[in-house]
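Here is the structure we will look at.
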Amino acid sequence: MKAEKRAKKPKGGDKIKKRFVDDSLVDEPKIKMKRRKFQPDRNLETKTLLKFAHAKTSDGMKKSQLSATKKNAEDEEKEAEDKPLLQPPEVESKKLEKYSRGEGIRVRSFKSKTFKRRIANKEKKIQFSAEEAARNEILMTETTGFLESEGYEETSKIRQKQIIKAVDVTSATKHFELNLEFGPYRIDYTRNGRHLLLGGRQGHVAAFDWVSKKLMCEINVMEDVLDLKWLHTENMFATAQKEWVFIYDNEGTEIHCVKQMHKILRLEYLPYHFLLASASETGHLNWLDVSVGKTIAGFQTRMGRLTHMAQNNYNGTIALGHPTGVVTLWSPMVKEPLAKMLCQKTAIMSMAIDPAGKYIASCGMDRNINIWDIRAMKPMQSYRVTGVPTSLSISQRGCLAAGNGDIVQLYKDCITVPAEGPYMTFKCKQWTVRQVQFCPYEDVLGIGAERGFSSILVPGSGEPNFDSYEHNPFRTKAQRKEAEVKALLEKVPAELITLDPLAITEVDIPSLHDKLEAQKKLLYMRPPKIDFNPRRKNKKGGGIQAAKTRQILREEAKKDFIKLIKKNKTDMLVPVGGNKVQQHAEPPSVLDRFKAKPKKKNQIAI
Amino acid sequence: MRPSIYNILLVGGVVLLAVGQVPASDEKGDYSHCEKFSGYFMKYNVCAKGRYLVDEEAVKFVLEIDNQKYFDKHISVTSLPGKHSKTQIFTMKVKMLCRNPDQYIRETKNDLHKMQRNYDPDLHPLEAPREYKQALNAVKLERVFAKPFLCCLDGHRDGVTCVAKHPERLSTVASGSYNGEVIIWNLASRKEVARIKAHEGSVKGMTFDPSGENLITCGDDKTIKIWNTDSDDCKEHKASSIIVCTNSIFSISHSRDSKTFVTGGEVVQLWDGVKVIPDVTTHWGVDPIHCVQFNPVETSLIGACSSDRSVIIYDTRQATPVRKLTMKMKANKMCWNPMEAFNFTAASEDYNLYSFDCRNLSKPLVMHVGHTSAVIDVDYCPTGNEFVSGSYDKTIRIYESHKTTSREVYHTKRMQRLTCVAYTHDSRYIISGSDEMNLRLWKAIAWQKQGVIKPREKAALEYNNSLKEKFMTHPQIKRIANHRQVPRHIFNAAKEHKIIYQKIKRKEFNRKAHSKPGTVHIKASKLKAIVKEDE
């Protein structure tokens, strides 16, 4: 009913925003039908109401009053007709906004009645699915963590030790420190936040389940380890070593040596595309499909040494930070950056994209942390901090961690609204902080430092409720295997990496530029190759005859081709979307030859 | 009243202790009622409910509020080092995310896994590309599982001429052949139930009466025979009644709600149950009628196809026929839409089928193209959304009733010219009879899984279907969904027909372009098939 009302209302803005629909949520109309059926017995209700009115009249009520009561009864009946008896509670508009897929299509923009009805029905379903998704929030069991001081003091003064003392035992075990000698360390958490990978620059690589502290493997690769990343499951990881990229399994056995990736500084793994992206010392950007072992794309960015790299979960693009202060976004299908943003005035020292892929935080030499909206390409916030953070990370709940020297500063709610001061600060005992990374679905920040690793508690940083079908920290081996197969089946093709991931659901309307380009292409077509071997039916001779046949066919093809080119040229005269140019105003006549010939251009010049 | 501590502040080695009821509005704390304690303290830790303990370094230090005892006198405060002259003590609230594994892991192996859902769009990135890929997979799987042929029912000793569906039993079907035999089949067991030597010469038409007890057949020997299919008589080739006619009969159809049935031959005759003489005899023109069909909804309407290329509509309430439509080519068969009573589809000799609204016969609603030879038979799906057609080009096609092109094309290497097709009453199967003595059973949806489908599987199928529908206009998905492998003769013929069609179109266009404007009118292809409509 609500959707109908909305459909009637004219909406602001002329542009029809195409909206993407999650069909997994749309199959509820049956339920709705059922609910519709749940209507009161109207006759019964009227009868009782009339009886009530009658009883009152017998008490000496006036006739006019009776009619009024009757009217009221009718009104109420009408209302009862409109409203189902059991109506689900209204959903808060703020909650609804979170699950909404945009404004929707204006029904009025369609002329045909059928289409109007069809679109209106579809819109209703979409609205309903959003409402149901919002209602589902009730079923979520966990609530987000928090840290609040009851007085006027700042939370940033609270020590890690105090937090550990105050929280429960299980949470307290999530804080731990590892003093290691082969640093500086790079770290990586799996997507479900269960496993941790540590890679020391001097060759120490360790993988373990950090929650149960169970070691999976610990090896020394006897080479520099510059970066490392988990692949699609906790069974495989890639390390960027001195020369090439290597892939190891969970027991530390070397599975592959990827020689296409040379002198790599940073790695990123795109889980839905099964792509391992690498940025090299020489400015090469490379995408490797790890499911088939093929390089999807690899090219020179011409941007110099690529030291800062991050992936955008929203659309699968790769962001690179450059010494000019520019952040560029890349897709494997385009050899030019999809977008360039001047995020900093000075060289970019660190960079992070939030897990939802909406915002990018970068820090420059001038000690400014700038936060940009990637989708709108607009600056959001700018903070001046003490010291130059060399590592940034944004958590699922929008908590920003900045590592600077041996200090890690954490800011909360700093993206959409300006934060007044740090939320927490932490002094790392393992010397200089090299990498900070929030653990997904946990209130934990991992810090890879010069002399080891520390895991600290940051209440309120992680998403409390996970979706088991997406990332499940408690998944079993069988579930992992099933998910792996399913993910491989649903591997998103690399061609679909674009700035706007919803582009595929929209109508492809070629622009004027595209049309002109297509026309131009028609003019410069290549003649087709005729590679024809006539079948030799009676095996004898045939050499000369075959050659003749071939010649004939070639000439025919050539003629056809010339015809086609001619036709294309005449078609070119037709303006795009317009009528044919009138070439001959009057029909040609025999006497035309006596007319004065048009002068040549150079003659005019003289 | 007991004092409650509002805040503790240590400034310059002096502990300020706020006691008493401090107003809530005063957030900064009112320290006017403070008692002052001097001394040096290192660290403080906060415990619950007014009880303040110090760190390990000075555990003995206790603040008792309940007993009005603020400091334990046993501690020598002065002995603590005074480096930290400005330390704050906090009262704070902390909550960490902590999941109890019991809530997320199933207890025993026999339990279902506990699955959590969070529909937050941020947790499900790349929705559109992932769904696109899923749709692509779904449509590929659809093609993988597209195995429509179920079984072949062999038993006839000559080509099959006609089939009749039992109105009440899904699995009972009767088929007649050129040698005068009628076989009653059980589709579930795929076996013949009864074999009747019904006529001399071929069986021309068959129909069940609404109760399904009697099967009425007509044949080349100018007789109409009524068989009681439930009794053993029919197995002994004994008809319950025989009507001998004066003229040959080619087609028969029973009304859905009364005892009347109609026969078409040299004339159209209406019979009432057991009577030997027809109630009504009527005709329009001189050519024989080779197909009559009672309308299943508007039960007084009868459609007939005549050899003079016409389709005639009769009304049993009227003495004379209602309408006559003459087409360019003969209509081999017509079938009423079981849901839209006024619509019917005619299978034409010109390779196409035409859907008409019987109120306006001069303009077909849709022309259904695709067959590469004459269309012999057509039958509607009980939902009225689809119909099946059998053609002389050895293929069966399924059309959606409002669409021009076919949804599906079925063929096998061994199946010859189709003579009859039927859509079963549950709209799930198709029966086809062909020249080479066989009856074939097909699935109406080629990729549908037979047998019981479990709820999860059903949900997955439904999800895939909606995805397919959503992305159906994408070129790749459309290509895969629409592609059908057809025998070479069909492929070549279709190619040829396309060339011919283009040639005609080109010629029309050129003629129009080179004529005086307004003199040449191009007729739509579907209108070309119509000659005239008589009333």
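Computed from the coordinates by the stated procedures, all read-outs in this text should not be read as laboratory data. All values derive from a computational prediction rather than experimental measurement. For neighbour counting, all protein chains shown are included, and Cβ atoms are generated from backbone atoms with ideal geometry for every residue, glycine included.
Summary table below
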quantity	calculated
Filter on A:125/B:468; A:558/B:478; B:478/B:532; A:124/B:363; A:529/A:567 - keep pairs with C-alpha separation over 28 Å	A:558/B:478; B:478/B:532; A:124/B:363
Base-10 log of normalised Debye intensity for region A:219-332 (one unit scatterer per alpha-carbon) at q = 0.17, 0.18, 0.22 Å⁻¹	-0.76, -0.85, -1.25
Placed amide H near residue A:452: partners under 5 Å, 5+ positions off or other chain	A:180, A:185
Exercise: per-residue mean of other protein chain Cβ atoms within 10 Å, A:468-476	5
For A:451-464, mean number of other protein chain Cβ atoms within 10 Å	2
In order through region A:326-340: 3J(HN,Hα) via Karplus (6.51 cos²θ - 1.76 cosθ + 1.60), integer Hz, x for Gly, Pro	8, 10, 10, 10, 10, 10, x, 8, 10, 7, 10, x, 5, 8, 10
For peptides B:354-361, A:586-593, sequence by mean Cβ density within 10 Å, most packed first	B:354-361, A:586-593
Candidates per trypsin sites (Lys or Arg not before Pro) in region A:480-570, loop by DSSP, up to 13 other Cβ within 10 Å	A:529, A:535, A:536, A:537, A:539, A:540
Total lysine pairs under 13 Å (Cα atoms) in region A:234-379, excluding pairs fewer than 8 apart on one chain	5
Backbone HN-Hα couplings from phi across region B:486-495 [Karplus 6.51/-1.76/1.60, Hz, Gly and Pro as x]	10, x, 4, 5, 6, 4, 5, 5, 4, 4
Cut-off under 5 Å, modelled amide H: who pairs with residue A:428 long-range	A:407, A:408
Packing rank of B:405-415, B:282-292, A:402-412, where each peptide gets the mean count of other beta carbons within 10 Å, highest leading	A:402-412, B:282-292, B:405-415
Number of partner chain Cβ atoms within 10 Å, mean per residue of A:441-448	2
Percentage relative contact order, region A:201-325, counting C-alpha pairs under 8 Å, at least six apart	14
Cross-link partners of residue A:569 among aspartates and glutamates (Cα-Cα below 19 Å; sequence separation of 8 or more within a chain)	A:514, A:517, A:560
Region A:467-522: Cα Rg divided by the 2.2 N^0.38 Å rule of thumb	1.92
Low-density loop cleavage sites - GluC sites (Glu not before Pro) in region A:107-198, where at most 11 other Cβ are within 10 Å (DSSP)	A:181
For region B:195-211, 3J(HN,Hα) per residue [Karplus equation, 6.51 cos²θ - 1.76 cosθ + 1.60, θ = phi - 60°, Hz, x = Gly/Pro]	10, 10, 8, 8, 9, 7, x, 8, 7, 8, x, 8, 7, 8, 7, x, 7
Cut-off under 5 Å, modelled amide H: who pairs with residue A:374 long-range	A:359, A:360
